[in-house]
Amino acid sequence: MALHRPAAIHVAALCFVAAVYTKQTSVVAPAATFLILLLVRPKVARTGIVTAVLAGLVGLGALSWWTDGGFIRHVFLYNINRFEAWRLRWIVPALDIHKVYFAVAALGACLALRERLPAYRRGSGLAGVRERLSANPGDAAMLMILTYFLLATAMLITIAKSGSSINYLIEWLCVMAILVGLAMRDAAIIAVGSPFAVQRLRSMCLLSAYLPAAVAMRVFISPAVPDQTNRGSIANMQRLVALIRGAPQPVVSDDMVLLLRAGKQVEWEPAIFAELASKGVWDERPFVGLIRKHHFAFFITEGNRGERLFDSRYTPAVADAIKTAYPVERNLAGFTLHLPAGAR
């Protein structure tokens, strides 16, 4: 919108800042936006950057004041993550499951570039490209989206940091969805309005690729991915939430959303404290003492000791304490419950 209405950049900048404070990895969208705006609308870009920086500093100051400096300490000093290359394999299933969508998005992007690039090859260097982009906001918007997708693809490497999950793929897939939508729109326009048989055929092929892909994803693939897609798993998840809700003591869970659903406070985030302890930034001995004294009702983990995910979230000392104080293990809703002796 800022390409047409420069004043809108202030709203965009505030949204970008809010996104970063909500999730620290949400830096790709502002990076792509300001990068292209610096090329097409330099003044608008500088205005937006100033607004974003000022809003970010105000937010940082307010949060630091409200937390007596704790916000800065936790974000900049305690935000420690090891690089675990094995997590990169989570990208492969996403590519496989969405491969047809990627094909549609790629085809649509190629067609859009094929239509636009010849005009820019005739331009007089960077100045000519900038002038033409400035005169064609639609082309600038397309370039912005493609830049967004490329930067989001590069950011996939952050999934390799400890504490990450497949949620790190969401932004990337959302940008791909934009490209799919644009491909469908352009194909529909050509199919309806193009007088050329070849273009009509090509666009109809593109349109027809989406429907069977969507049906196949829903019927053959999607139900097999999340455990919650069948009634038994939903019932087990509800049972697990009920156990947490009825626990008289705090519960520690790898999936912290379970705690929130049960109305419990998140007492401890395993991955973060494993990092702090491994770097010597945090003394875990008092926490180990609480485990041995049965301060918690039970623990809920994804996997067991000896598995990569478990070992990345629990240091040997904490894992030993859990094994000693909560020796009974039960499997429920895809999780492992570590219960005290005598538990049923």
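The values are calculated or read from the model by the stated rules, or taken from the named source; none is laboratory data. Not measured: the values here are computed from a predicted model. Quick reminder, even Gly has a Cβ in these numbers, built from the backbone with ideal geometry, and neighbours come from all protein chains shown. For accessibility, only protein heavy atoms count, side chains too; no ligands or nucleic acids. Shrake-Rupley method; radii C 1.70, N 1.55, O 1.52, S 1.80 Å.
Shown in residue order for region 7-19 are the 3J(HN,Hα) couplings computed by the Karplus curve 6.51 cos²θ - 1.76 cosθ + 1.60 at θ = phi - 60°: 5, 5, 4, 5, 5, 4, 4, 5, 5, 4, 5, 4, 5 Hz (x for Gly and Pro). Less than 5 angstrom separates the built amide H of E84 from those of K161, S162, all sequence-distant by 5 or more or on a different chain.
For region 259-270, putting each phi into the Karplus relation 6.51 cos²θ - 1.76 cosθ + 1.60 with θ = phi - 60° gives couplings of 5, 5, 5, 8, x, 9, 7, 7, 7, 6, 9, x Hz, in residue order, rounded to whole numbers and with x for Gly and Pro. Kindly provide log₁₀ I(q)/I(0) values, in the same order as q = 0.21 Å⁻¹, from the Debye equation applied to equal alpha-carbon scatterers of region 58-136. For region 58-136 at q = 0.21 Å⁻¹, log10 I(q)/I(0) is -0.91. Computed over protein heavy atoms with a 1.4 Å probe, the carbon and sulfur contribution to the accessible area of region 61-106 reaches 69%. Note on H74/Y120: beta-carbon distance plugged into 1/(1 + (r/R0)^6) with R0 of 35 Å gives a FRET efficiency of 0.15. Solvent-accessible area per residue in region 46-105 equals 63 Å², computed with a 1.4 angstrom probe and all protein chains kept.
Treating the Cα atoms of region 17-75 as identical point scatterers in vacuum, please give the log10 of the normalised Debye intensity I(q)/I(0) at q = 0.17, 0.18 Å⁻¹, two decimals. The Cα Debye sum returns log10 ratios of -0.63, -0.68. Ordering of 7-20, 319-332 by packing is 7-20, 319-332, highest average first (other Cβ atoms within 10 Å, averaged per residue). Sorting D283, D254 on solvent-accessible area from highest to lowest, probe radius 1.4 Å, gives D283, D254. With 0.36 nm allotted per residue and the present C-alpha distance subtracted, the N167-E269 stretch has 35.1 nm of extension available.
Normalised by residue count, region 269-324 yields a Cα convex hull volume of 76 Å³ per residue. Using only alpha-carbon positions in region 104-153, the gyration tensor eigenvalues give semi-axes of 20, 13, 9 Å once each is multiplied by 5 and square-rooted (largest first). Rounded to the nearest Hz, the phi-derived 3J(HN,Hα) couplings of region 303-313 under the Karplus curve 6.51 cos²θ - 1.76 cosθ + 1.60 (θ = phi - 60°) are x, 9, 4, x, 8, 4, 5, 5, 5, 7, 9, where x marks glycine and proline.
If R0 equals 30 Å, the separation of the Cβ atoms of N81 and A7 corresponds to a calculated FRET efficiency of about 0.20.
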